[in-house]
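Report on the following structure.
The values are calculated or read from the model by the stated rules, or taken from the named source; none is laboratory data. Worth saying up front: this structure is predicted, and the values here are computed from it rather than measured. Cβ atoms come from the backbone with ideal geometry, glycine included; neighbour counts cover every protein chain shown. Surface areas here come from the heavy atoms of the whole protein model, side chains and all, with no ligands, DNA or RNA. Shrake-Rupley method; radii C 1.70, N 1.55, O 1.52, S 1.80 Å.
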Amino acid sequence: MATERTLSIIKPDAVAKNAIGEIIARFENAGLRVVAAKMLHLSEEKAGGFYAEHKERPFFKDLVGFMTSGPVVVQVLEGEGAIAKNRDLMGATNPKEAAAGTIRADFAETIDANAVHGSDSVESAEREINYFFSNDEICPR
Ligand code: GDP
Ligand code: MG
């Protein structure tokens with residue numbers, strides 16, 4: 001499998017729970033490396049642009065409201081099959097359906113506030129990484 005990069009966001013609910021370290025430990029313990037990271041408090045414009053694919057969905061306004069409700073930690077994760085590996089570690093979008101031991105099962109209570117974001121394809125990973133990071137903010141290792 002190829003070495004990939006994926007974009008991860010630790011969402012405001014998980015930051016508020018002081019779970020940044022525990023979540024990043026799961027990535028590292030699964031063999032993913034953090035090659036870029038920053039904490040941000042997203043503006044409505046930045047959050048709305050990030051989730052542009054969901055613009056017409058009924059939950060879009062709530063999603064942007066939630067993502068701007070507190071700081072987030074945005075990271076680029078690198079490793080073998082990083083995109084699918086991160087999605088596996090995250091669990092299903094609805095934490096009530098997320099498999100036991102996944103991040104969303106352990107740290108999230110609702111579909112609105114579900115602890116983490118992860119890119120879902122090579123194309124979205126590339127777009128999302130470039131949305132938050134310039135090349136000189138990424139540290140290959
Ligand atoms: P993800 O890739 O697993 O994060 O899920 P999606 O890309 O489908 O949706 C983006 C985010 O929008 C999810 O993480 C949820 O926080 C939120 N979301 C998705 N579907 C719903 C829904 O049916 N209702 C609500 N309230 N939020 C949703
Ligand atoms: Mg998604």
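Here are the numbers for the structure shown:
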{"item": "Elements of type helices (runs of 4 or more DSSP H) contained in region 69-141, each with 3 or more residues being more than 13 Å from the chain's Cα centre (by Cα) and of a type outside the set (A, V, I, L, M, F, W, C)", "result": "122-132"}
{"item": "Residue match in region 101-116 (condition: open to solvent by 40 Å² or more (accessible area, probe 1.4 Å), within 15 Å of ligand 2 (Cβ to nearest atom) and not aromatic (Phe, Trp, Tyr))", "result": "yes"}
{"item": "Residues of region 117-141 satisfying the condition of being modelled with pLDDT of 95 or more, charged (D, E, K, R) and more than 16 Å from ligand 2 (Cβ to nearest atom)", "result": "Asp136, Glu137"}
{"item": "Of residues in region 30-49 being assigned to a loop (DSSP other than H, G, I, E, B) and of a type in the set (A, V, I, L, M, F, W, C), the one farthest from Asp88 (Cα to Cα)", "result": "Leu42"}
{"item": "Cβ pairs under 9 Å, 6+ apart, first in region 74-102 and among the hydroxyl-bearing types (Ser, Thr, Tyr), second surrounded by fewer than 21 Cβ atoms within 10 Å (Cβ to Cβ) and part of a loop (DSSP other than H, G, I, E, B)", "result": "Thr93/Ile111; Thr102/Ala92"}
{"item": "Flag if Gly21 is surrounded by fewer than 16 Cβ atoms within 10 Å (Cβ to Cβ) and at pLDDT 95 or above", "result": "yes"}
{"item": "Residue under evaluation Asn29, criteria (1) open to solvent by 80 Å² or more (accessible area, probe 1.4 Å); (2) within 14 Å of ligand 2 (Cβ to nearest atom); (3) of a type in the set (S, T, N, Q), criterion not met", "result": "(2)"}
{"item": "Qualifying position, being in contact with a helix residue (DSSP H, G or I) (Cβ under 8 Å, 6 or more places away or on another chain), away from ligand 2 (no atom under 15 Å from the Cβ) and hydrophobic (A, V, I, L, M, F, W, C), among Ala47, Ala92, Ala36", "result": "Ala36"}
{"item": "Failed item in (1) within 22 Å of Val15 (Cβ to Cβ); (2) away from ligand 2 (no atom under 16 Å from the Cβ); (3) open to solvent by 80 Å² or more (accessible area, probe 1.4 Å), with Asp62 passing the rest", "result": "(2)"}
